[in-house]
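Notes for the one structure printed next.
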Amino acid sequence: VLALPVAAYMLQGQEAHAAEMERTFIAIKPDGVQRGLIAEIVSRFERKGFKLVAIKLVVPSKEFAQKHYHDLKERPFFNGLCEFLSSGPVLAMVWEGEGVIKYGRKLIGATDPQKSEPGTIRGDLAVVVGRNIIHGSDGPETAKDEINLWFKPQELVSYTSNAEKWVYG
Ligand code: ADP
C-alpha cells in the first residue's frame, strides 16, 4: 500500500535532480590522443565526479573543424588550427554534472598553457597554445551547439550512475 506513493515521491526527486544537470562538450585534440593522454584526461573528469554520457574517436574533416571553430574564422591562426584538428583522431565526449561547463574549463586551464596553473590539464600536460591538447565548451550556448554538432541525439546515453548518490548526497 505504501510502495506506490514512495516510488512516486522518489521519481519526482530524481526528475528534479536531473533537471539541474548540465552537459558540456569536451574533446581531446590530436596532440593529446597521439601523446597517449586519453586515460589521464578522462580520469580527471571521472575522479571529480562528473558523468560521461557520450564518447567516440573521430578524425574530423577540415570542413567540420571549420564549423566547430567558426567563431574564430577571422583569427590569423584559424586555418592552421582547423588543419591541426583534422590531422588525426580526436576523442569527442559529453560530460554531465552540476556546474560541469564552468568547472570543466577550470580543470582544463587557460588557453595558453604557459598561463595555465599547475594542477590543470593544460598546466600539467602542455607547453604551447597551438598544441594545448584539449577543448571544452565555454558556455551553455556553445555547449549545446557543440554537442549537437559532434553527436546525434541517440549517441547521448542517459543513465543513473552508482556514484551519483555519493557525489551529490
Ligand atoms: P579555448 O580553447 O581555451 O576555448 P579559444 O577558443 O580562444 O580558446 O581558441 C581555440 C583554440 O585555438 C585554442 O585552444 C588553441 O588551440 C587555438 N589558439 C588560440 N589562440 C591561439 C594562438 N594565438 N595561436 C595559435 N593557436 C591558438
Exercise for the section: Considering every residue within the stretch 94-110, establish whether at least one is within 13 Å of the ligand (Cβ to nearest atom), assigned to a loop (DSSP other than H, G, I, E, B), at pLDDT 95 or above and not β-branched (Val, Ile, Thr). Expected result: yes
Practice task
Mind listing just one residue for me: the one in the stretch 111-145 that is within 18 Å of ASP71 (Cα to Cα) and more than 11 Å from the ligand (Cβ to nearest atom) and, of those, surrounded by the fewest Cβ atoms within 10 Å (Cβ to Cβ)?
Solution key: GLU141
Exercise for the section: Restrict the check to the stretch 26-41 and report whether at least one residue is open to solvent by 60 Å² or more (accessible area, probe 1.4 Å), free of Cβ contacts under 8 Å to residues at least 60 places away in the same chain and within 26 Å of ASN162 (Cβ to Cβ). Expected result: yes
Fill in the blank from the handout: Of the residues in the stretch 72-93, those that are within 14 Å of the ligand (Cβ to nearest atom) and either part of a loop (DSSP other than H, G, I, E, B) or touching a residue at least 40 places away in the same chain (Cβ under 8 Å) (or both) number 12
Exercise for the section: Please specify each residue of the stretch 58-68 satisfying the condition of being touching a helix residue (DSSP H, G or I) at 6+ places or on another chain (Cβ under 7 Å) and either open to solvent by 20 Å² or more (accessible area, probe 1.4 Å) or without any contact (Cβ under 8 Å) to a residue 12 or more places away in the chain (or both). Expected result: LYS62, GLN66, LYS67
Practice task
Select from the stretch 94-110 the residues that are touching a residue at least 40 places away in the same chain (Cβ under 8 Å) and open to solvent by 40 Å² or more (accessible area, probe 1.4 Å) and list them in ascending order.
Solution key: GLU98, TYR103
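The values are calculated or read from the model by the stated rules, or taken from the named source; none is laboratory data. Note that the coordinates shown come from a computational prediction; the quantities given were computed from them, not determined experimentally. So basically every Cβ, Gly included, is an ideal-geometry build from the backbone, and we count neighbours across all protein chains shown. Side chains are part of the model used for accessible areas, which takes the heavy atoms of the whole protein and leaves out ligands, DNA and RNA. Shrake-Rupley method; radii C 1.70, N 1.55, O 1.52, S 1.80 Å.
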